[in-house]
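*Asks:* Structure provided below as C-alpha coordinates; questions to follow.
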Amino acid sequence: MTRRSVLIGSGSALPRRALGNEELAKMVDTSDEWIAERTGIRNRHVAGPDETTSSLASAAAKAAIAAAGIDAKSIDLIVLATATPDQTFPATATIVQNELGCNGGIAFDVAAVCSGFLYALGVADSMLRTGMAERALVIGAETFSRILDWEDRGTCVLFGDGAGAIVLEAREEEGEKQRGILATKLHADGAHNQLLYVDGGPSTTGTVGKLRMKGNQVFKHAVTNLADVLREVLAMSGTEAADIDWVVPHQANARIIEGTARKLGLSMDRVIMTVDQHANTSAASVPLALDAAIRDGRIKQGQLVVLEAMGGGFTWGASLLRM
Ligand code: UT7
(Lines give C-alpha, C1' and ligand atoms only; values in the text may rest on other atoms or scores of the structure.)
Protein backbone atom coordinates (compact mmCIF):
# COMPACT_ATOMS: atom_id res chain seq x y z
CA MET A 1 0.00 0.00 0.00
CA THR A 2 1.27 3.46 -0.87
CA ARG A 3 -0.14 6.72 0.47
CA ARG A 4 -0.95 8.86 -2.57
CA SER A 5 -2.65 12.19 -3.30
CA VAL A 6 -5.70 11.33 -5.40
CA LEU A 7 -7.60 13.96 -7.40
CA ILE A 8 -11.27 13.70 -6.37
CA GLY A 9 -12.72 16.89 -7.87
CA SER A 10 -11.96 19.93 -10.02
CA GLY A 11 -13.51 23.31 -10.67
CA SER A 12 -12.82 26.60 -12.39
CA ALA A 13 -14.05 30.17 -12.64
CA LEU A 14 -13.69 32.94 -15.20
CA PRO A 15 -14.52 36.64 -14.95
CA ARG A 16 -17.84 37.63 -16.58
CA ARG A 17 -16.23 39.85 -19.21
CA ALA A 18 -14.76 38.18 -22.31
CA LEU A 19 -12.38 40.27 -24.42
CA GLY A 20 -11.83 39.06 -27.98
CA ASN A 21 -8.90 39.93 -30.24
CA GLU A 22 -11.02 42.23 -32.44
CA GLU A 23 -12.06 44.35 -29.44
CA LEU A 24 -8.46 44.42 -28.19
CA ALA A 25 -7.30 45.64 -31.61
CA LYS A 26 -9.39 48.79 -31.00
CA MET A 27 -7.44 49.48 -27.79
CA VAL A 28 -3.85 48.82 -28.93
CA ASP A 29 -1.96 48.58 -32.27
CA THR A 30 -2.48 44.87 -33.00
CA SER A 31 -4.73 42.58 -35.03
CA ASP A 32 -6.71 39.38 -34.57
CA GLU A 33 -4.55 37.87 -37.31
CA TRP A 34 -1.20 38.66 -35.57
CA ILE A 35 -2.37 37.41 -32.16
CA ALA A 36 -4.01 34.23 -33.49
CA GLU A 37 -1.12 33.34 -35.81
CA ARG A 38 1.70 33.98 -33.26
CA THR A 39 -0.02 32.62 -30.16
CA GLY A 40 -3.28 30.78 -30.96
CA ILE A 41 -5.14 33.18 -28.62
CA ARG A 42 -8.59 34.42 -29.74
CA ASN A 43 -10.19 35.40 -26.46
CA ARG A 44 -9.40 36.10 -22.81
CA HIS A 45 -11.45 37.05 -19.71
CA VAL A 46 -10.85 40.24 -17.75
CA ALA A 47 -11.88 40.78 -14.13
CA GLY A 48 -14.35 43.57 -13.36
CA PRO A 49 -13.99 45.87 -10.33
CA ASP A 50 -15.94 43.43 -8.13
CA GLU A 51 -13.88 40.39 -9.20
CA THR A 52 -10.61 39.58 -7.46
CA THR A 53 -8.09 36.76 -7.30
CA SER A 54 -9.74 35.54 -4.08
CA SER A 55 -13.29 35.74 -5.48
CA LEU A 56 -12.31 33.75 -8.58
CA ALA A 57 -10.31 31.29 -6.45
CA SER A 58 -13.24 30.81 -4.05
CA ALA A 59 -15.67 30.18 -6.94
CA ALA A 60 -13.28 27.61 -8.50
CA ALA A 61 -12.73 25.98 -5.09
CA LYS A 62 -16.50 25.71 -4.43
CA ALA A 63 -16.98 24.05 -7.84
CA ALA A 64 -14.15 21.58 -7.08
CA ILE A 65 -15.60 20.77 -3.65
CA ALA A 66 -19.07 20.22 -5.20
CA ALA A 67 -17.56 17.95 -7.88
CA ALA A 68 -15.78 15.95 -5.16
CA GLY A 69 -19.03 15.68 -3.19
CA ILE A 70 -17.36 16.50 0.11
CA ASP A 71 -18.00 18.90 2.98
CA ALA A 72 -15.80 22.03 2.67
CA LYS A 73 -15.08 21.74 6.40
CA SER A 74 -13.05 18.56 5.75
CA ILE A 75 -10.39 20.58 3.83
CA ASP A 76 -7.34 20.88 6.11
CA LEU A 77 -4.85 22.34 3.61
CA ILE A 78 -5.14 25.11 1.01
CA VAL A 79 -2.18 25.88 -1.24
CA LEU A 80 -2.95 28.76 -3.58
CA ALA A 81 -0.62 29.67 -6.42
CA THR A 82 -0.75 33.29 -7.52
CA ALA A 83 1.43 36.20 -8.62
CA THR A 84 -1.50 38.60 -8.24
CA PRO A 85 -2.68 38.26 -4.62
CA ASP A 86 -5.54 40.43 -3.33
CA GLN A 87 -3.11 42.12 -0.94
CA THR A 88 0.65 41.86 -0.32
CA PHE A 89 -0.40 39.99 2.80
CA PRO A 90 -2.23 38.08 4.24
CA ALA A 91 -2.01 35.14 1.87
CA THR A 92 -4.98 34.98 -0.51
CA ALA A 93 -5.36 31.35 0.61
CA THR A 94 -6.51 32.58 4.04
CA ILE A 95 -9.21 34.77 2.43
CA VAL A 96 -10.41 31.73 0.43
CA GLN A 97 -10.32 29.55 3.56
CA ASN A 98 -12.57 31.99 5.40
CA GLU A 99 -14.95 32.20 2.40
CA LEU A 100 -15.20 28.39 2.32
CA GLY A 101 -15.66 28.12 6.10
CA CYS A 102 -12.89 25.55 6.61
CA ASN A 103 -10.96 27.72 9.10
CA GLY A 104 -8.32 26.09 11.28
CA GLY A 105 -6.31 24.08 8.77
CA ILE A 106 -3.18 25.13 6.88
CA ALA A 107 -3.49 27.89 4.24
CA PHE A 108 -0.74 29.69 2.35
CA ASP A 109 0.23 31.05 -1.09
CA VAL A 110 2.97 29.89 -3.43
CA ALA A 111 4.69 32.32 -5.82
CA ALA A 112 6.14 30.62 -8.88
CA VAL A 113 4.20 32.65 -11.50
CA CYS A 114 3.09 30.51 -14.48
CA SER A 115 4.51 27.33 -12.87
CA GLY A 116 2.73 28.16 -9.63
CA PHE A 117 0.13 25.42 -9.93
CA LEU A 118 2.84 22.76 -10.44
CA TYR A 119 4.75 24.09 -7.43
CA ALA A 120 1.56 24.20 -5.33
CA LEU A 121 0.74 20.64 -6.40
CA GLY A 122 4.24 19.45 -5.45
CA VAL A 123 4.02 21.06 -2.01
CA ALA A 124 0.48 19.82 -1.32
CA ASP A 125 1.35 16.29 -2.49
CA SER A 126 4.40 16.19 -0.17
CA MET A 127 2.32 17.38 2.78
CA LEU A 128 -0.45 14.86 2.12
CA ARG A 129 1.95 11.94 1.70
CA THR A 130 3.81 12.80 4.91
CA GLY A 131 0.54 12.96 6.87
CA MET A 132 0.50 16.70 7.58
CA ALA A 133 -2.97 16.89 5.99
CA GLU A 134 -5.72 14.61 4.66
CA ARG A 135 -7.62 16.73 2.12
CA ALA A 136 -6.10 19.59 0.17
CA LEU A 137 -7.36 22.26 -2.14
CA VAL A 138 -4.75 23.22 -4.71
CA ILE A 139 -5.69 26.43 -6.49
CA GLY A 140 -4.19 28.53 -9.28
CA ALA A 141 -5.80 31.97 -9.46
CA GLU A 142 -4.78 35.21 -11.16
CA THR A 143 -5.94 38.67 -12.16
CA PHE A 144 -3.05 39.50 -14.50
CA SER A 145 -5.17 42.23 -16.14
CA ARG A 146 -4.33 44.34 -13.07
CA ILE A 147 -0.54 44.15 -13.69
CA LEU A 148 -0.58 44.51 -17.49
CA ASP A 149 0.67 47.62 -19.25
CA TRP A 150 -2.34 48.09 -21.54
CA GLU A 151 -0.21 50.24 -23.86
CA ASP A 152 2.38 47.49 -24.45
CA ARG A 153 1.07 45.37 -27.33
CA GLY A 154 3.94 42.91 -26.80
CA THR A 155 2.41 41.73 -23.51
CA CYS A 156 -1.18 42.93 -22.99
CA VAL A 157 -2.59 40.71 -25.76
CA LEU A 158 -1.15 37.55 -24.20
CA PHE A 159 -2.70 37.29 -20.74
CA GLY A 160 -6.10 36.77 -19.11
CA ASP A 161 -7.72 36.26 -15.71
CA GLY A 162 -9.24 33.15 -14.14
CA ALA A 163 -8.93 30.41 -11.54
CA GLY A 164 -8.82 26.64 -11.39
CA ALA A 165 -8.85 24.31 -8.38
CA ILE A 166 -8.59 20.64 -7.53
CA VAL A 167 -9.27 18.63 -4.38
CA LEU A 168 -6.62 16.08 -3.47
CA GLU A 169 -7.30 13.37 -0.91
CA ALA A 170 -4.67 11.18 0.78
CA ARG A 171 -5.54 7.54 0.08
CA GLU A 172 -3.83 4.20 0.46
CA GLU A 173 -3.44 2.89 -3.09
CA GLU A 174 -2.06 -0.42 -4.31
CA GLY A 175 -1.45 -2.31 -7.53
CA GLU A 176 -0.25 -1.32 -10.98
CA LYS A 177 -3.06 1.13 -11.67
CA GLN A 178 -2.73 3.12 -8.45
CA ARG A 179 -4.49 6.46 -8.65
CA GLY A 180 -2.87 9.68 -7.55
CA ILE A 181 0.22 11.78 -8.18
CA LEU A 182 2.97 9.40 -9.31
CA ALA A 183 5.88 11.83 -9.84
CA THR A 184 6.59 15.56 -9.82
CA LYS A 185 9.74 17.39 -10.95
CA LEU A 186 10.27 21.11 -10.35
CA HIS A 187 13.07 23.45 -11.44
CA ALA A 188 14.14 27.10 -11.22
CA ASP A 189 16.95 29.06 -12.86
CA GLY A 190 17.23 32.53 -11.34
CA ALA A 191 19.80 33.60 -13.95
CA HIS A 192 16.82 34.50 -16.15
CA ASN A 193 14.76 36.39 -13.56
CA GLN A 194 14.79 39.60 -15.64
CA LEU A 195 13.34 38.10 -18.84
CA LEU A 196 9.82 37.95 -17.38
CA TYR A 197 9.15 40.08 -14.31
CA VAL A 198 7.07 42.86 -12.74
CA ASP A 199 8.80 46.25 -12.43
CA GLY A 200 7.57 46.96 -8.91
CA GLY A 201 7.08 45.43 -5.49
CA PRO A 202 6.71 46.20 -1.77
CA SER A 203 10.44 46.24 -0.93
CA THR A 204 11.74 48.00 -4.07
CA THR A 205 9.36 50.62 -5.48
CA GLY A 206 6.56 50.31 -2.96
CA THR A 207 4.17 49.92 -5.91
CA VAL A 208 2.55 46.93 -7.56
CA GLY A 209 4.37 47.40 -10.89
CA LYS A 210 3.62 46.19 -14.42
CA LEU A 211 4.53 42.98 -16.23
CA ARG A 212 7.58 43.15 -18.53
CA MET A 213 8.72 40.35 -20.81
CA LYS A 214 11.33 39.64 -23.47
CA GLY A 215 8.88 37.29 -25.17
CA ASN A 216 11.10 35.83 -27.87
CA GLN A 217 13.82 34.93 -25.31
CA VAL A 218 11.28 33.29 -23.01
CA PHE A 219 9.95 31.37 -26.01
CA LYS A 220 13.39 29.88 -26.80
CA HIS A 221 13.80 28.48 -23.28
CA ALA A 222 10.21 27.28 -22.96
CA VAL A 223 10.16 24.41 -25.47
CA THR A 224 13.56 23.02 -24.36
CA ASN A 225 12.82 23.23 -20.63
CA LEU A 226 9.33 21.77 -20.95
CA ALA A 227 10.42 18.86 -23.15
CA ASP A 228 13.30 18.09 -20.73
CA VAL A 229 11.14 18.16 -17.58
CA LEU A 230 8.49 15.99 -19.25
CA ARG A 231 11.17 13.42 -20.06
CA GLU A 232 12.41 13.60 -16.44
CA VAL A 233 9.01 13.02 -14.91
CA LEU A 234 8.34 10.10 -17.26
CA ALA A 235 11.71 8.55 -16.39
CA MET A 236 11.07 8.98 -12.63
CA SER A 237 7.92 6.89 -12.91
CA GLY A 238 9.11 4.43 -15.58
CA THR A 239 6.47 5.68 -18.00
CA GLU A 240 6.81 5.92 -21.81
CA ALA A 241 5.43 8.94 -23.70
CA ALA A 242 3.22 6.47 -25.58
CA ASP A 243 1.51 5.50 -22.27
CA ILE A 244 0.26 9.05 -21.63
CA ASP A 245 -3.45 9.55 -22.27
CA TRP A 246 -3.44 13.35 -21.95
CA VAL A 247 -0.99 16.23 -21.68
CA VAL A 248 -2.35 19.32 -19.93
CA PRO A 249 0.20 22.02 -20.73
CA HIS A 250 0.56 25.59 -19.54
CA GLN A 251 -1.48 27.68 -21.97
CA ALA A 252 0.91 30.48 -22.97
CA ASN A 253 1.28 29.97 -26.69
CA ALA A 254 -0.04 27.27 -29.04
CA ARG A 255 3.34 27.19 -30.82
CA ILE A 256 5.13 26.36 -27.53
CA ILE A 257 2.58 23.61 -26.83
CA GLU A 258 2.94 22.14 -30.34
CA GLY A 259 6.76 22.40 -30.30
CA THR A 260 6.96 20.59 -26.94
CA ALA A 261 4.59 17.82 -28.07
CA ARG A 262 6.61 17.37 -31.28
CA LYS A 263 9.87 16.96 -29.32
CA LEU A 264 8.30 14.13 -27.31
CA GLY A 265 6.60 12.54 -30.29
CA LEU A 266 3.16 13.17 -28.75
CA SER A 267 0.24 13.59 -31.10
CA MET A 268 -1.74 16.84 -30.68
CA ASP A 269 -4.99 14.92 -30.29
CA ARG A 270 -3.75 13.94 -26.81
CA VAL A 271 -3.00 17.55 -25.82
CA ILE A 272 -5.58 19.77 -24.08
CA MET A 273 -5.68 23.30 -25.56
CA THR A 274 -7.61 26.18 -24.05
CA VAL A 275 -5.19 28.99 -24.92
CA ASP A 276 -7.57 30.13 -27.69
CA GLN A 277 -10.32 30.84 -25.10
CA HIS A 278 -8.43 31.83 -21.93
CA ALA A 279 -5.04 33.18 -23.16
CA ASN A 280 -2.23 32.88 -20.61
CA THR A 281 -3.77 32.92 -17.14
CA SER A 282 -0.43 32.15 -15.43
CA ALA A 283 -0.93 29.86 -12.40
CA ALA A 284 -4.59 29.34 -13.35
CA SER A 285 -3.90 28.02 -16.83
CA VAL A 286 -3.17 24.34 -16.08
CA PRO A 287 -6.09 23.81 -13.65
CA LEU A 288 -8.46 25.72 -15.99
CA ALA A 289 -7.50 23.43 -18.88
CA LEU A 290 -7.61 20.33 -16.66
CA ASP A 291 -11.10 21.16 -15.37
CA ALA A 292 -12.39 21.88 -18.91
CA ALA A 293 -11.21 18.45 -20.11
CA ILE A 294 -12.56 16.61 -17.04
CA ARG A 295 -15.96 18.31 -17.40
CA ASP A 296 -16.29 17.65 -21.15
CA GLY A 297 -15.47 13.98 -20.56
CA ARG A 298 -12.12 13.74 -22.36
CA ILE A 299 -10.13 13.08 -19.17
CA LYS A 300 -11.52 10.05 -17.36
CA GLN A 301 -10.78 8.16 -14.15
CA GLY A 302 -7.92 5.68 -14.56
CA GLN A 303 -6.16 7.63 -17.31
CA LEU A 304 -2.54 8.81 -17.13
CA VAL A 305 -2.27 12.59 -17.33
CA VAL A 306 0.83 14.77 -17.33
CA LEU A 307 0.73 18.46 -16.37
CA GLU A 308 3.52 20.91 -17.30
CA ALA A 309 4.28 24.62 -17.01
CA MET A 310 7.05 27.18 -17.34
CA GLY A 311 7.17 30.80 -16.26
CA GLY A 312 8.93 33.77 -14.68
CA GLY A 313 12.00 33.08 -12.58
CA PHE A 314 12.46 31.00 -14.68
CA THR A 315 10.54 28.25 -12.98
CA TRP A 316 9.23 25.11 -14.62
CA GLY A 317 7.91 21.70 -13.73
CA ALA A 318 5.81 18.67 -14.60
CA SER A 319 3.64 16.24 -12.70
CA LEU A 320 2.34 12.82 -13.70
CA LEU A 321 -0.88 11.50 -12.19
CA ARG A 322 -3.33 8.69 -12.64
CA MET A 323 -6.85 10.11 -12.50
O1 UT7 B 1 3.85 32.05 -19.39
C2 UT7 B 1 5.16 31.73 -19.68
C3 UT7 B 1 5.87 32.77 -20.31
N4 UT7 B 1 5.34 33.35 -21.48
C5 UT7 B 1 5.54 32.81 -22.66
O6 UT7 B 1 5.75 31.62 -22.77
C7 UT7 B 1 5.53 33.71 -23.86
C8 UT7 B 1 6.64 33.34 -24.74
N9 UT7 B 1 6.77 34.17 -25.92
C10 UT7 B 1 5.86 34.19 -26.92
O11 UT7 B 1 4.83 33.56 -26.86
C12 UT7 B 1 6.22 34.95 -28.17
O13 UT7 B 1 7.57 35.32 -28.12
C14 UT7 B 1 5.36 36.22 -28.39
C15 UT7 B 1 3.96 35.80 -28.77
C16 UT7 B 1 5.35 37.06 -27.14
C17 UT7 B 1 5.92 37.06 -29.53
O18 UT7 B 1 6.07 36.30 -30.71
P19 UT7 B 1 7.43 36.36 -31.54
O20 UT7 B 1 7.21 35.56 -32.73
O21 UT7 B 1 8.53 35.94 -30.60
O22 UT7 B 1 7.51 37.90 -31.93
P23 UT7 B 1 8.59 39.01 -31.55
O24 UT7 B 1 8.52 39.36 -30.10
O25 UT7 B 1 9.93 38.58 -32.09
O26 UT7 B 1 8.05 40.24 -32.39
C27 UT7 B 1 7.88 40.15 -33.78
C28 UT7 B 1 7.25 41.44 -34.29
C29 UT7 B 1 7.91 42.71 -33.75
O30 UT7 B 1 7.95 43.65 -34.82
P31 UT7 B 1 9.31 43.89 -35.64
O32 UT7 B 1 10.31 44.36 -34.62
O33 UT7 B 1 9.66 42.55 -36.24
O34 UT7 B 1 8.90 44.92 -36.63
C35 UT7 B 1 6.95 43.19 -32.69
O36 UT7 B 1 6.99 44.60 -32.53
O37 UT7 B 1 5.87 41.51 -33.87
C38 UT7 B 1 5.61 42.80 -33.27
N39 UT7 B 1 4.57 42.66 -32.28
C40 UT7 B 1 3.28 42.79 -32.54
N41 UT7 B 1 2.60 43.08 -33.67
C42 UT7 B 1 1.26 43.13 -33.62
C43 UT7 B 1 4.72 42.33 -30.95
N44 UT7 B 1 3.52 42.27 -30.38
C45 UT7 B 1 2.61 42.54 -31.34
C46 UT7 B 1 1.20 42.61 -31.34
N47 UT7 B 1 0.57 42.90 -32.52
N48 UT7 B 1 0.46 42.37 -30.25
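The values are calculated or read from the model by the stated rules, or taken from the named source; none is laboratory data. In this text, all values refer to a predicted model and were calculated from it rather than measured experimentally. A quick note on method: Cβ atoms are made from the backbone with ideal geometry, for glycine too, and the neighbour counts reach across all protein chains shown. Just so you know, the surface numbers come from the protein's heavy atoms only, side chains and all, with ligands and any DNA or RNA stripped out. Shrake-Rupley method; radii C 1.70, N 1.55, O 1.52, S 1.80 Å.
*Asks:* For the range 228-239, indicate whether the set of residues that are more than 22 Å from residue 140 (Cβ to Cβ) and within 16 Å of the ligand (Cβ to nearest atom) is non-empty.
*Replies:* Yes; the residues of the range 228-239 include at least one that is more than 22 Å from residue 140 (Cβ to Cβ) and within 16 Å of the ligand (Cβ to nearest atom).
*Asks:* Considering (1) within 12 Å of the ligand (Cβ to nearest atom); (2) crowded, with 18+ Cβ neighbours inside 10 Å, say which one residue 274 fails and leave the rest.
*Replies:* Failed condition: (1).
*Asks:* In the range 98-217, which strands (runs of 3 or more DSSP E) lie fully inside it and hold 3 or more residues that are away from the ligand (no atom under 16 Å from the Cβ)?
*Replies:* Here the list reads 106-110, 135-143, 161-173, 180-188.
*Asks:* Would you pick out the residues in the range 170-184 that are within 23 Å of residue 131 (Cβ to Cβ) and open to solvent by 60 Å² or more (accessible area, probe 1.4 Å)?
*Replies:* Those that are within 23 Å of residue 131 (Cβ to Cβ) and open to solvent by 60 Å² or more (accessible area, probe 1.4 Å): 171, 172, 174.
*Asks:* Taking only the range 111-136 into account, find how many residues are touching a Leu at 6+ places or on another chain (Cβ under 8 Å) and either surrounded by fewer than 24 Cβ atoms within 10 Å (Cβ to Cβ) or not hydrophobic (A, V, I, L, M, F, W, C) (or both).
*Replies:* So the answer is 9.
*Asks:* Between 256, 244, which is touching a Leu at 6+ places or on another chain (Cβ under 8 Å), more than 19 Å from residue 37 (Cβ to Cβ) and β-branched (Val, Ile, Thr)?
*Replies:* Answer to the selection: 244.
*Asks:* What number of residues within the range 43-81 satisfy the criterion of being among the charged types (D, E, K, R), buried (at least 17 other Cβ atoms within 10 Å of the Cβ) and more than 13 Å from the ligand (Cβ to nearest atom)?
*Replies:* The total comes to 3.
*Asks:* Confirm whether residue 243 is without any contact (Cβ under 8 Å) to a residue 12 or more places away in the chain, open to solvent by 10 Å² or more (accessible area, probe 1.4 Å) and not aromatic (Phe, Trp, Tyr).
*Replies:* No: the conditions fail for residue 243.
*Asks:* Quick test for you: out of 194, 251, pick the one residue that is open to solvent by 50 Å² or more (accessible area, probe 1.4 Å) and either at negative phi or of a type in the set (A, V, I, L, M) (or both).
*Replies:* None of the others qualify; the one that does is 194.
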